[in-house]
């Protein structure tokens, strides 16, 4: 137990620093040094101690970054406060295991300074990649997202995705820790880190300029976003349906009066709180609104599909033209666990009693873009925008813009709406497409292909936003190859683990050890 408390304090400090880099606070500088306390705490620990300290750091960080889950569970899930905290603990504890794994590998590699300094950033990225795909995936708190405000840095996302910036930020912590420990890996790491940061910024400045030139030459497309700001507690109340439609009509007319006139209006996820095309009276009212503006409309509404002859729910986006004729439908592909379906129903038989809203939705399977006039655009619903592979599938099929419709009303004024907005911005940069985001209570915005916003509708305010974007057809390296960088990090991590294991067990490993020491 000697000095164990110091290790605990340092691990907690790293957890706090990691959280400070994310919105709402968005103190991005903390991310560059966030892991230094943890890495210092691991020195001289056993593998079990290292794993425990890493998990503690992860637990603190995830509670700080994901506390908004409590709000949704307690406020709208009807779960008592004490039980909601216990339920929140489960995903936070699971996600903490990844940081425990990072800490364990850090301890394993401590005898190989160069491998430790240059290899650990790849370990971090490999674990982020695994977290993004395992158990339906949850790539919400990828460390690179902390650098969203630094647009000249994050332009490299069109090559590496968010993972490249995660790698760079973790490298900063390993280099600083090595320098503090006077490790032989410190100076080489500093040299590599300096070159990478400088190269990334120079690339970003150049790339943003070339994209802006291409946008200037492209034909403009004017789009309007409508934010109704309907409280979640009223959203599905039949008595409030008329007020909802009235509000969206007024805001749509406001957007339609803009000069230039929008060529498409976008309402948020389930902005129409009824079954469009099934509930005739309300559907007719919505169609009349569209005809009144004469502008095509993309809006969210629940739908029904048949699965093995049985009707099942889907979360859908409908596209109608200015005459209210249906032009296309997109069904959400990546459903929210415990919100739209209950995973592992037999094991989690009790969940329906905890989360009343946990429904029985089925996913869509077609990522093809919807087309209005000359504009093909991909649609993402809710938190699908944190899964870049979904956006990539739409872009590969010809989408030159992305439209996100979402409902963050579940999270009140917590950090979640701010985090969600900033994460979405990366999809515009990765695929060099304009990104239009309509959120029920906010934050709605429109981004160009460099990630610049033309404006926002603030949280919990009704309003409309009209901007002209400039779509053009291009396939970035990231669009062609996806998470190649992250998979290479996974491969190098595996190689490093094999090497370390071999070096510890083989008496003939001395020549190889010199490579990293």
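Within the range 325-339, is even one residue surrounded by 15 or more Cβ atoms within 10 Å (Cβ to Cβ), in a helix (DSSP H, G or I), modelled with pLDDT of 95 or more and touching a strand residue (DSSP E or B) at 6+ places or on another chain (Cβ under 6 Å)?
no
Residues being closer than 14 Å to residue 177 by Cβ, surrounded by fewer than 19 Cβ atoms within 10 Å (Cβ to Cβ) and touching a residue at least 60 places away in the same chain (Cβ under 8 Å): count how many of those fall in the range 1-39.
Final tally of qualifying residues: 1.
Each row is one residue, and each column tells you yes or no for (1) surrounded by 17 or more Cβ atoms within 10 Å (Cβ to Cβ); (2) farther than 17 Å from residue 34 by Cβ.
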site	(1), (2)
132	yes, yes
148	yes, no
162	yes, no
172	yes, no
175	yes, no
179	no, no
185	yes, yes
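Specify which of the listed residues (157, 256, 239) is modelled with pLDDT of 95 or more and over 28 Å from residue 476 (Cα atoms). Lay out the reasoning, then the answer.
Numbers: 157 fails: over 28 Å from residue 476 (Cα atoms); 239 fails: modelled with pLDDT of 95 or more.
The match here is 256.
Which condition from (1) in contact with a helix residue (DSSP H, G or I) (Cβ under 6 Å, 6 or more places away or on another chain); (2) closer than 16 Å to residue 381 by Cα is the one that residue 425 breaks?
With (1) in contact with a helix residue (DSSP H, G or I) (Cβ under 6 Å, 6 or more places away or on another chain); (2) closer than 16 Å to residue 381 by Cα applied to residue 425, the lone miss is (1).
Which of (1) surrounded by fewer than 14 Cβ atoms within 10 Å (Cβ to Cβ); (2) under 27 Å from residue 362 (Cα atoms) does residue 300 not meet, given it meets every other one?
Exception for residue 300: condition (1).
Consider residue 433 carefully, then state whether it is outside the structural domain of residue 20 (by TED's automatic domain parsing), touching a strand residue (DSSP E or B) at 6+ places or on another chain (Cβ under 7 Å), part of a loop (DSSP other than H, G, I, E, B) and within 18 Å of residue 162 (Cα to Cα).
yes
Cβ contacts < 7 Å: first residue at negative phi, restricted to the range 242-256; second residue surrounded by 15 or more Cβ atoms within 10 Å (Cβ to Cβ) and part of a helix (DSSP H, G or I), any location; separation 6+ or different chain. Result?
Qualifying pairs under 7 Å: 245/285; 245/286; 249/289; 252/289; 252/293; 253/293; 256/293.
In the range 452-511, how many residues are under 29 Å from residue 213 (Cβ atoms) and assigned to a helix (DSSP H, G or I)?
7
Residue 371 - would you say it is within 24 Å of residue 448 (Cβ to Cβ) and modelled with pLDDT of 95 or more?
Numbers: within 24 Å of residue 448 (Cβ to Cβ): yes; modelled with pLDDT of 95 or more: yes.
Spelling it out, residue 371 is indeed within 24 Å of residue 448 (Cβ to Cβ) and modelled with pLDDT of 95 or more.
Does residue 413 qualify as being at pLDDT 95 or above and more than 16 Å from the chain's Cα centre (by Cα)?
no
Have a look at 418, 383 and point out the one that is within 13 Å of the chain's Cα centre (by Cα), at pLDDT below 95, within 23 Å of residue 147 (Cα to Cα) and not in a loop (DSSP other than H, G, I, E, B). Full working, then the answer.
Values: 418 fails: at pLDDT below 95.
Step by step, each of 418, 383 is checked, and only 383 is within 13 Å of the chain's Cα centre (by Cα), at pLDDT below 95, within 23 Å of residue 147 (Cα to Cα) and not in a loop (DSSP other than H, G, I, E, B).
Inside the range 79-168, counting only helices (runs of 4 or more DSSP H) that do not spill past its ends, which hold 2 or more residues that are assigned by TED's automatic domain parsing to the domain that holds residue 18 and within 20 Å of residue 425 (Cβ to Cβ)?
Details: elements: 81-108, 113-133, 151-154, 157-160.
In the range 79-168, 113-133, 151-154, 157-160 are the helices (runs of 4 or more DSSP H) which contain 2 or more residues that are assigned by TED's automatic domain parsing to the domain that holds residue 18 and within 20 Å of residue 425 (Cβ to Cβ).
The values are calculated or read from the model by the stated rules, or taken from the named source; none is laboratory data. Just so it is clear, the structure is predicted and the values come from calculations on it, not from any experiment. All Cβ positions, even for glycine, are placed from backbone atoms using ideal geometry, and neighbour counts span all protein chains on display.
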